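Nothing in this text is a laboratory measurement; each read-out follows from the coordinates by a stated rule. Please read these numbers as outputs of a predicted model, since none were measured by experiment. So basically every Cβ, Gly included, is an ideal-geometry build from the backbone, and we count neighbours across all protein chains shown.
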Amino acid sequence: MFEYIKGSIAELTPAYVIFESAGIGYNINISLQTYSSLEGKKEGIVYLHQVVREDAHLLFGFAEKDERELFRLLISVSGVGANTARVILSSMSASEIQKAIQNADINALKQIKGIGLKTAQRIVVDLKDKVFGKELGASQLFSGLNNTSKDEALSALVMLGFNKAAAEKVLDLLLKEDNKQSVEGLIKQALKRL
């Protein structure tokens, strides 16, 4: 199983990216979230999930490990294949998907192309326990420029015993004041305000 690929971006479209690494071009299917992360860059890294079928070996790439984790949860649901999961991740942000699952918001999931009532219900039923209370990371918890720093700081604060929602609010306020803080700086400032 491949973990990630790092290299130069030979071609980038909203549906796929071609990474060149060690003289080999890899065609990797991506979501719009990953496209946004890679746009304008000459080099990058994507975390991979490989799908092997009778007629094809496909690679799906994600800018964040957490987006890949959500993709893997989605494809574990009966009736949701890799391409459908990619459409879901392209239609909604990972945090919106997580909230829809946690809140059993069937209508939000039904708005996604290719997702009907029964599939939306299955996603909620199958994933509610797997997603509820789970830290899926930066792309699920935040949107913005400094996802990694926010995620790491939030994880550290939760591990220290602070309420996740309260820590999240404080971190958002801190990043509105100064969005270029280091993880350590964010944690220190958050500890003073919690």
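Observations on the model:
- Simple rule: put +1 on each Lys or Arg Cβ and -1 on each Asp or Glu Cβ in the chain, find the dipole, and look at A22, T148, I88; the Cα lying farthest toward the positive end is I88.
- Largest GNM mean-square fluctuation across A166, A85, A22, computed for the chain with C-alpha springs under 10 Å, falls on A22.
- Scalar couplings 3J(HN,Hα) for the stretch 39-55, obtained by applying the Karplus form with A = 6.51, B = -1.76, C = 1.60 to θ = phi - 60°, are 4, x, 9, 9, 10, x, 9, 10, 8, 9, 10, 9, 10, 10, 10, 4, 9 Hz; x denotes Gly and Pro.
- Global geometry of the stretch 65-131, whether rounded, prolate or oblate, following the gyration tensor of its Cα atoms and the 1.5 cut on a/c: rounded
- Estimated 222 nm signal from helices in the chain, with DSSP H stretches of n ≥ 4 weighted -39500 (n - 2.57), rounded to 500: -15000 deg cm²/dmol
- Annotation: the residues I18, I88, sorted from fewest to most other C-beta atoms within 10 Å of their own C-beta, follow the order I18, I88.
- By the count of neighbouring beta-carbon atoms within 10 Å, fewest first, M1, M159 end up ordered M1, M159.
- Coupling constants for the stretch 108-125 follow from the phi torsions by the Karplus curve (6.51 cos²θ - 1.76 cosθ + 1.60, θ = phi - 60°), and in residue order they are 5, 6, 5, 5, 7, 4, x, 10, x, 4, 5, 5, 4, 5, 5, 4, 5, 5 Hz; glycine and proline get x.
- Karplus (6.51, -1.76, 1.60) ³J(HN,Hα), θ = phi - 60°, over the stretch 92-107, in Hz, Gly and Pro reported as x: 9, 6, 4, 5, 5, 5, 4, 5, 4, 5, 5, 8, 6, 7, 4, 4
- Residues of the stretch 170-189 with an amide N closer than 13 Å to a point placed 7 Å from the Cα of L160 along the Cα-to-Cβ direction: 170-171, 183-189.
- GNM top mover of E39, E96, E64 - the chain, alpha-carbon springs below 10 Å: E39
- The relative contact order of the chain comes to 13 percent, based on Cα pairs under 8 Å that sit 6 or more residues apart.
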